[in-house]
Structure formats: structure tokens, C-alpha cells
1. What number of residues within segment 204-232 satisfy the criterion of being at pLDDT 95 or above and under 13 Å from I110 (Cα atoms)?
2. Would a scan of segment 209-222 turn up a residue that is assigned to a loop (DSSP other than H, G, I, E, B), open to solvent by 20 Å² or more (accessible area, probe 1.4 Å) and either polar (S, T, N, Q) or in contact with a Leu (Cβ under 6 Å, 6 or more places away or on another chain) (or both)?
3. Is there a residue being surrounded by fewer than 22 Cβ atoms within 10 Å (Cβ to Cβ), touching a strand residue (DSSP E or B) at 6+ places or on another chain (Cβ under 9 Å) and more than 28 Å from I213 (Cα to Cα) anywhere in segment 7-20?
4. So in segment 161-195, with the set limited to residues that are in a helix (DSSP H, G or I) and of a type in the set (G, A, S), which one is farthest from R115 (Cα to Cα)?
5. Based on this model, can you work out whether Q158 counts as over 17 Å from the mean Cα position of the chain (by Cα), of a type outside the set (S, T, Y), assigned to a helix (DSSP H, G or I) and under 27 Å from N80 (Cα atoms)?
6. Where in segment 46-145 are there helices (runs of 4 or more DSSP H), lying fully within it, with 3 or more residues that are over 23 Å from G202 (Cβ atoms)?
7. Condition test on S42, is it under 27 Å from D186 (Cα atoms), modelled with pLDDT of 95 or more, of a type outside the set (A, V, I, L, M, F, W, C) and in a helix (DSSP H, G or I)?
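The values are calculated or read from the model by the stated rules, or taken from the named source; none is laboratory data. From a predicted model like this one, the values you see are computed outputs, not experimental measurements. In this analysis, Cβ positions are derived from the backbone assuming ideal geometry, glycine residues included, and neighbour counts consider all displayed protein chains. SASA here: full protein model, heavy atoms, side chains in, ligands and nucleic acids out. Shrake-Rupley method; radii C 1.70, N 1.55, O 1.52, S 1.80 Å.
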Amino acid sequence: MTGTIHHAIILAAGAATRLRRIVDNRPKGLIEIDGESMVARSVRLLRDAGIERITIVTGYCADYYQRFAAGQPDLDLVNNDKFATTGSMASLAVALDRVRHDVLVLESDIVYESRALTAILTAASSDSTVMSGPTHAGDEVWVHAPGGRLAAMTKVRQDLPNIRGEFVGITRLSAAAGGAMLQAFDEFVDVHGHGRMDYETGALVAIARVHSIAALLIDDLCWGEIDDERQYERVVREVWPVVGNHLPRVAT
């Protein structure tokens with residue numbers, strides 16, 4: 001039996017080095033489509049889903065998120081001061097260090113249907129991650145999940161014996177799994193001497209050997225990640241017309 005999730009973490013520390021023409025100096029999570037940024041949209045959907053507290057992990061140009069969060073008491077910011085020399089797990093660790101309960105983890109640069117949140121918040125497993133069918137978007141993270149349980153993830157498709165779906169970037173962690181990811185990260189740093197570990201292909205896969213992580217496949221999920229200009233154009237052309245027509249009404 002899973003408990004109710006009240007807290008979400010949005011990973012937003014990275015620099016948008018491949019999107020300078022589109023976002024100027026802003027973090028990529030603040031890319032706007034039809035007047036709403038990706039992070040603002042996620043915050044809105046999370047609130048609609050019953051999430052009461054949202055932590056945004058900043059790094060690159062953190063002042064933009066300080067302005068974004070101003071006047072929103074359910075948002076708090078934590079900063080990865082070493083974002084330029086570490087990976088996404090270092091950013092997640094900054095937030096997980098303060099958490100002793102179940103939590104939802106999202107990436108800042110994704111646009112998705114709200115049913116992805118419904119699926120993971122109502123999942124039978126306290127530890128789970130959302131997958132989609134093929135998007136052909138480029139730069140996919142492929143998931144190997146025999147029996148519906150996460151076993152491996154990689155961007156090199158031929159490295160996996162079979163593919164169950166694409167990693168979306170929406171993951172649910174129990175307090176125990178979050179603690180195990182912190183431990184896996186500490187062990188990685190001890191061995192390698194640096195913090196360039198990804199939270200998904202690195203820490204999440206590492207703990208999946210002892211923590212069962214359900215791989216929730218929504219085969220027809222419409223979603224997109226924006227890492228470069230080609231992906232931005234795909235989201236605007238193919239994803240937003242499907243998911244972006246649910247903007248909040250403006251009082252007149």
C-alpha cells in the first residue's frame with residue numbers, strides 16, 4: 001500500500017548550452033511556449049495533482065528561479081553550487097539531503113500530459129518511474145525492465161537485450177529509495193573522486209538491484225524533452241498542440 005505524495009523535487013540546475021539562441025541566458029526550464037514556461041507548467045500540474053510543496057534545485061543562473069519563485073510560498077529553492085562540474089545526481093542529492101519522506105522527482109525540461117502524474121501518484125509501487133512508447137525525438141534514454149521492473153537504462157540502444165520504453169523524467173521515490181540513492185552517490189564519489197553521476201542511468205539503476213523500481217509504461221503518452229533546438233521544434237510542433245491547450249483561465 002503506497003502513501004500519499006505531498007512533495008515534489010524539480011531538477012533545474014543545468015546550463016542550456018545547446019539552446020542559447022532560444023533561451024538567451026535563462027535556464028532551459030524557463031523556456032516559454034504560448035506564455036508559459038516548462039517549470040511553471042509542471043508547478044501548475046503538480047498543484048492540481050495535490051502536491052503541496054515543491055523544491056526546485058537551481059544552479060545555472062539561479063537568480064532567474066529566485067524571481068520565478070517570489071511570492072509562491074509552496075516553492076522553495078536549493079542550490080547546487082557545483083552544477084558546472086557535477087551531474088544530475090549531485091543536484092538531486094542537495095534536495096534529498098533534506099527529505100525523510102516519499103517524494104516525486106521531475107526534470108525541469110519536459111512537457112507532458114498530466115495523466116503521467118496521475119499514473120505515478122496512484123501506482124501500486126512506492127518506487128516507480130514513468131516510461132513512454134517510442135517518440136523518435138533523439139537523445140532517448142532506453143529502459144530495460146523485465147517483468148515491469150527497472151534493470152538498466154542507457155542512451156545506447158544496442159547495449160540493452162530488449163527495450164520496454166523510453167525514460168520520461170518523472171520518478172517516485174520512497175524515503176528508503178531516496179536514502180539508497182544518496183548512499184550510491186557517496187560511494188560513487190569515493191571511488192571516482194568527482195560527482196559527475198546521472199541520477200537516472202547512474203543512481204536509480206544502481207539501487208534497482210536491491211530496491212524494486214516499477215517501470216510504468218504509458219505507451220501512447222505524448223511528451224517531449226527540450227535539450228536542443230531540434231527537440232524544441234518537435235515539442236512546439238508535435239507535443240504542445242496535444243498537451244498545451246489546458247492553460248488556466250484568466251479572469252476578465
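1. 5
2. Step one: list which residues in segment 209-222 are assigned to a loop (DSSP other than H, G, I, E, B), which gives 209-213, 219-222.
Next cut, open to solvent by 20 Å² or more (accessible area, probe 1.4 Å) only: 209-212, 219-220, 222.
Checking the rest, the ones that are also either polar (S, T, N, Q) or in contact with a Leu (Cβ under 6 Å, 6 or more places away or on another chain) (or both) come to 212.
Yes, that holds for at least one residue.
3. Scanning segment 7-20 turns up at least one residue that is surrounded by fewer than 22 Cβ atoms within 10 Å (Cβ to Cβ), touching a strand residue (DSSP E or B) at 6+ places or on another chain (Cβ under 9 Å) and more than 28 Å from I213 (Cα to Cα).
4. So the residue we want is A184.
5. When the stated conditions are applied, Q158 does not pass them.
6. 62-69, 115-121
7. On the way: under 27 Å from D186 (Cα atoms): no; modelled with pLDDT of 95 or more: yes; of a type outside the set (A, V, I, L, M, F, W, C): yes; in a helix (DSSP H, G or I): yes.
In short, no.
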